[in-house]
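The values are calculated or read from the model by the stated rules, or taken from the named source; none is laboratory data. The model shown is predicted, which means the values in this text are computed figures rather than measured ones. Neighbour counts are summed over all protein chains in view; Cβ atoms, including those assigned to glycine, are modelled from backbone coordinates with ideal geometry.
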Amino acid sequence: MSAIARFFEDHPWGGWITMVTVIAHLAIQIVLAVKLILQRRSTGESLAWLMIIFAFPFAGPLLFFVVGESRLGSRRERRFIQLQPPFKKWLAQIPDRSQVDWSRIAEEYEPIAQMSRRTIGVPALGCNQLELLPDWQYVFQRLIADIDAATETCHLEFYIWNDGGEADRVVDALVRAAERGVACRVLVDSLGSRKFYHGQQADRLRAAGVEMQDALPGSLLRMPFVRIDLRLHRKIVVIDGAIAYTGSLNLVDPRYFKRDAGVGQWVDAMVRVEGPAVEALAITFLADWYLESEDTLERLRESGGARPQPCRGDAPVQVLPSGPDLPAHAVEHVLMTAIYSARRELVMTTPYFVPSEPLTMALVAAARRGVKVVLVAPKQVDSRLVRYASGAFKGELLEAGVRIALFNDGLLHTKSVTVDGSYSLFGSVNLDPRSFRLNFEILLAVYDPAFTKELRALQQEYIDRSELMDLDAHRNRPALRRGAESFARLFGPLL
């Protein structure tokens, strides 16, 4: 008698329960596999999920149910549908007041701007003044001064707000602003700023009259209805509808933030904007606030501080929000277009580098056609899985001629791209699938050689504080590390 037959004879009910469980589990795996195929996701993402679903019994399908699909919640989806018509109409009115004169700018920029507009829906806007702020202390100095000078509105939106140091001085400035009658709103990510949002500094803001709102709240009870790893990753400040900030710096003092992570202080940059692009950033903030709060569109249009701005400079700027409720892969398409447009030089800085297959191919192709491609990333990052997955891609890039500079002086967190020293991308977008598909991000496309020259100089400062990777040394790394990197690469499309 076989072992299976003896088992059923000795455990008639347990045997049948086991068999039904196995069949049900296999049926769930097959259903999920068919669903993945019909959704027509990228090949890498689909294969990664199929591996997880079939390689990890019970845990794999459960993980897919939790974070496999972009569920934003019925309330948020309803508010998003209500928002779309007035939001698009509002954005469409801006270029009528601030046209870009493409005849005065290099002609190759216009197709990129038009592609971005058709993909994301926001036009390029002329006449902006940009100030690159490469030092975090100077960012806080300028921000606090602008809040202290505010007369109407102060709107702040961040992924992470962390108590301590200069961040507390921002709280003090907002309290002063609210006490003199300025309408202040603070929107923070529910998970990234959980400690702050439920802490004493947030209570001080509420007591002073500052409106506080957390975005994308997640909990175990909400897991069946929303995907809890979808995060609001944007960094936006708009003051009086006339001044805006964006970039990579969270509302944290690097001296107090993640001091035990073993990667050193975080290194960031921001840009201060005046001109018509401020209205697009203000509208982006108000749209995010509307989706998370109970405010009405009418009240936000009346009191939100988003209004036409006069000409302040010469820089054409395109504000490009992205997220899972906007066209799929929109920001990745913008980045790919920029890479393929490069003729002489392409320099990119990012803290997290886990490229998709199309992005890897674009970078390899650029290097092989003679473009000087430089990737600057931190030597140490605060995610071990990202560290190994990133390492798996670097050999292929090095072999193609891409120069990879590993930043030695902390965790380089600035996200920037310069193309031929003439135009640039700058914002909160990392070069990884999470930024491209899952997080709510903000990116500026700046079609201005003067600003790009400043940004390129900052990138060079990062390069000078880095060490270039050596191809031979990378090839001779320990076999165990190569194996870990190859395994982590399989999860790359999901990181």
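In table form, for the structure just shown:
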quantity	calculated
Criterion (touching a residue at least 24 places away in the same chain (Cβ under 8 Å), among the aliphatic types (A, V, I, L, M) and farther than 17 Å from E157 by Cα) met by exactly one of L297, L291, L281, L251	L297
Residues within segment 375-392 that are buried (at least 22 other Cβ atoms within 10 Å of the Cβ) and out of contact with any Phe, Trp or Tyr (no Cβ under 6 Å at 6 or more places or on another chain), tallied	2
Selection count, segment 111-131, where residues are in contact with a helix residue (DSSP H, G or I) (Cβ under 7 Å, 6 or more places away or on another chain) and either modelled with pLDDT of 80 or more or assigned by TED's automatic domain parsing to the domain that holds L425 (or both)	9
Residue count for segment 184-204, restricted to those that are surrounded by fewer than 18 Cβ atoms within 10 Å (Cβ to Cβ) and among the aliphatic types (A, V, I, L, M)	0
Selected residue (criterion: surrounded by the fewest Cβ atoms within 10 Å (Cβ to Cβ)) from residues of segment 401-413 that are in contact (Cβ under 8 Å) with a residue 40 or more places away in the chain and among the aliphatic types (A, V, I, L, M)	L406
Criterion (at pLDDT 95 or above and not hydroxyl-bearing (S, T, Y)) met by exactly one of A488, A457, A479, A484	A457
Checking A261 against (1) surrounded by fewer than 19 Cβ atoms within 10 Å (Cβ to Cβ); (2) of a type outside the set (D, E, K, R); (3) outside any loop (DSSP other than H, G, I, E, B), the condition it does not meet	(3)
Residue within segment 280-301 that is closer than 21 Å to Q84 by Cβ, part of a helix (DSSP H, G or I) and of a type in the set (V, I, T) present	yes
Residue that is farthest from the chain's Cα centre (by Cα), among those in segment 446-471 that are under 15 Å from V374 (Cβ atoms) and of a type in the set (V, I, T)	I463
Which numbered condition V186 misses (of (1) under 20 Å from the mean Cα position of the chain (by Cα); (2) outside any strand (DSSP E or B))	(2)
Residue, surrounded by the fewest Cβ atoms within 10 Å (Cβ to Cβ), within segment 414-445, restricted to residues that are under 9 Å from the mean Cα position of the chain (by Cα) and β-branched (V, I, T)	I442
Qualifying positions in segment 438-454 - touching an Asp or Glu at 6+ places or on another chain (Cβ under 8 Å) and either under 26 Å from V188 (Cβ atoms) or assigned by TED's automatic domain parsing to the domain that holds P111 (or both)	L438, F440
Condition check for P134: modelled with pLDDT of 95 or more and touching a helix residue (DSSP H, G or I) at 6+ places or on another chain (Cβ under 6 Å)	yes
Residue check for E131: in a strand (DSSP E or B) and surrounded by fewer than 19 Cβ atoms within 10 Å (Cβ to Cβ)	yes
Pick from segment 44-72, criterion surrounded by fewer than 16 Cβ atoms within 10 Å (Cβ to Cβ) and not in a helix (DSSP H, G or I), ranking: modelled with the highest pLDDT	P57
Enumeration of residues in segment 446-460 that are hydrophobic (A, V, I, L, M, F, W, C) and either surrounded by fewer than 24 Cβ atoms within 10 Å (Cβ to Cβ) or more than 18 Å from Q129 (Cβ to Cβ) (or both)	A450, A457, L458
Per-region count, segment 142-183, residues farther than 18 Å from I236 by Cβ, basic (K, R) and in contact (Cβ under 8 Å) with a residue 12 or more places away in the chain	2
